[in-house]
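Structure, as structure tokens:
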Amino acid sequence: VLELLRAVQRGSEDRKRSLSRLRWALQNKETQQKFVRLDGSIRTLIGIFTSSLAAMQMEAARCLHELSHSSDPAVAEACLPVTSYLLTYLSGHSVEFMELCLYTLGNLVVESEAVRKQLLPQGIIPVLASCIQSPHEAVLEGLGYVLSQLLQAKEAPTEIIPLVLDSVLPQHMLRLVCSGLKAGIGAAVEFAWCLHYIICSHTANAALLSLGALPALTSLLLDLASEIPQDAPEGLELLVCPVLRCLSNLLAEETGCEVQIQDERLLIALFLILQCFLQQHPFIVQECLWLLNNLTADEPFFCSALLSLDLLPALLQLLPCSQMASVLVLTVLCNIAEKGPAYCQQLHRQPALPLLLPTLALPDPEVVGQCLELLHLLFLHWPEAAADFVTQGGHRALEQHQSTPELQERARALLDMVGQPLGASAFSPCHATLSAFS
């Protein structure tokens, strides 16, 4: 490495070849650490990076990019002098060169708070805001990567997100996400995660709602679902996931925003997505169920639509998918049952009770507890369900849980209700909206 550095410093005829060999050497973690400790190493790279020789500039940029991959904060901090040049070169250069600069910046901000603190006063947010109108997908994807790394920093809610909100970035991010596949799925995915990180900070949701984020993301989800029956593009699930999370978290806010999207097509879209990704990408099931819970938590519209569109059998089929899926399916059913007798009557007409009996036999207290909550609501609002439950041997399933500390009180209360269907109970309804994973 020292020989390569000396060859580069001497400016010999094979300087470009030496830089190229150095780039390959810098893929090694120990080499990265040794290189930044060599006297004049970073200064030499910056000198070539800022020269007027395009081919040499590109090789130096590639070397800096390899250094930026280091997980050692000391390496990132050794690169501090190059940050202002990286920002400068985000305008007026080749697409490939801009892309390299963006990913180098993104890698550096991940590892070093010192780099982030230097980049903010250097004006990284205004520079990124000027880049977001680029027509090049590669530039937009790199820009999304830098932003997503910045927005995940621990200081993002207080120091970075306010600057982002004061710029044109939010509306352009929303536009690029909602253009979906037209702008390129890679860029749309990056900006969807950016919106997710902003929403999870809970400091910007009013601003995003005022930009029409809720109807825009809903419309996008409908468009994405419409792609599924045809030839779904590769990587579609990577965009669906953050879009679902954004909608879930916006709905979890106490803003009354759910009334803006009373559109039953959203439920159809959710179940199309569930059906498409159930086998190959089961993590999407959980995301869909988080959103379905938040749609049905307070607003009767989606509870009624779920029943009238005959989607309940499809929902019940998800019960055995996973522990989290079971809890969320049962929570959605509780949201419906909590709405009163008419809803419980319709749940009773569906084959819900026979599916709940095996659920009661599961060893997971959280799943069983949510199942007990659902039975309580059904028995309370529709006593005929209690009678059927006994006929099917349900009381024996309840008796098994009388000795389980966290379940025994509720199991005994249900046994009392089975004997006296209209009796008092020790339950409280569970229908709160849930924030998706942050």
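Taking one quarter of the surface of the C-alpha convex hull of the chain gives a mean projected area of 24.1 nm². Between Leu311, Leu147, Leu328, the residue with the greatest mean-square fluctuation in the GNM of the chain (Cα pairs under 10 Å linked by springs) is Leu311.
Taking every protein chain into account, the 1.4 Å probe leaves Asp310 with about 90 Å² of accessible area, to the nearest ten.
Accessible surface area normalised per residue over the chain is 42 Å², counting heavy atoms of protein chains with a 1.4 Å rolling probe.
Given the convex hull over the Cα atoms of the range 146-213, what projected area results after averaging over all orientations, in nm²? Could the numbers behind the result be given before it?
On the way: hull surface 16.2 nm².
Over every viewing direction, the Cα hull of the range 146-213 projects on average to 4.1 nm².
Computed with the Debye formula from one identical point scatterer per Cα of the range 334-398, without solvent, the log10 of I(q)/I(0) at q = 0.23 Å⁻¹ comes to -0.95. Between Pro363, Pro354, Pro282, the Gaussian network model of the chain with springs among Cα atoms under 10 angstrom shows the greatest mean-square fluctuation at Pro363.
Spatial offset of the range 263-279 relative to the range 345-408 amounts to 27 Å, using the alpha carbon center of each. Considering only Cα atoms, the convex hull volume of the range 267-398 works out to 92 Å³ per residue.
What percentage of all Cα-Cα pairs in the range 180-230 are separated by more than 14 Å? Numbers along the way, then the final one.
Values: 782 of 1275 pairs.
For the range 180-230, the fraction of Cα-Cα distances above 14 Å is 61 percent.
Among the GluC sites (Glu not before Pro) within the range 110-197, not one is in coil by DSSP while having at most 11 neighbouring Cβ atoms inside 10 Å.
Once the Cα atoms are used to define both axes, helix 265-277 deviates from the longest principal axis of the chain by about 70 degrees. Against the chain, whose longest principal axis is taken from its Cα atoms, helix 169-178 shows a tilt of about 60°. Computed over the range 98-187, the range of Cα coordinates on each principal axis works out to 36, 26, 19 Å, biggest value leading.
Return the calculated 222 nm mean residue ellipticity for the chain, to the nearest 500 deg cm²/dmol, obtained by summing -39500 (n - 2.57) across DSSP H runs with n ≥ 4 and dividing by the residue count. Walk me through the numbers on the way to the answer.
On the way: 28 runs with 299 residues, N = 438.
Mean residue ellipticity, 222 nm, calculated: -20500 deg cm²/dmol.
Looking at the range 305-408, the GluC sites (Glu not before Pro) that sit in a DSSP loop and have at most 12 other Cβ atoms within 10 Å of their own Cβ are Glu406. When a 1.4 Å probe is rolled over the protein heavy atoms, the share of accessible surface on the chain that falls to carbon and sulfur comes to 52 percent. According to the calculation over all Cα-Cα pairs in the range 1-74, the P(r) per 5 Å bin from zero is 3, 18, 32, 28, 13, 4, 1 %.
The values are calculated or read from the model by the stated rules, or taken from the named source; none is laboratory data. These numbers were taken from a predicted model, which means no experiment stands behind them. Please note: Cβ atoms are built from the backbone with ideal geometry, for glycine as well, and neighbour counts cover all protein chains shown. For accessibility, only protein heavy atoms count, side chains too; no ligands or nucleic acids. Shrake-Rupley method; radii C 1.70, N 1.55, O 1.52, S 1.80 Å.
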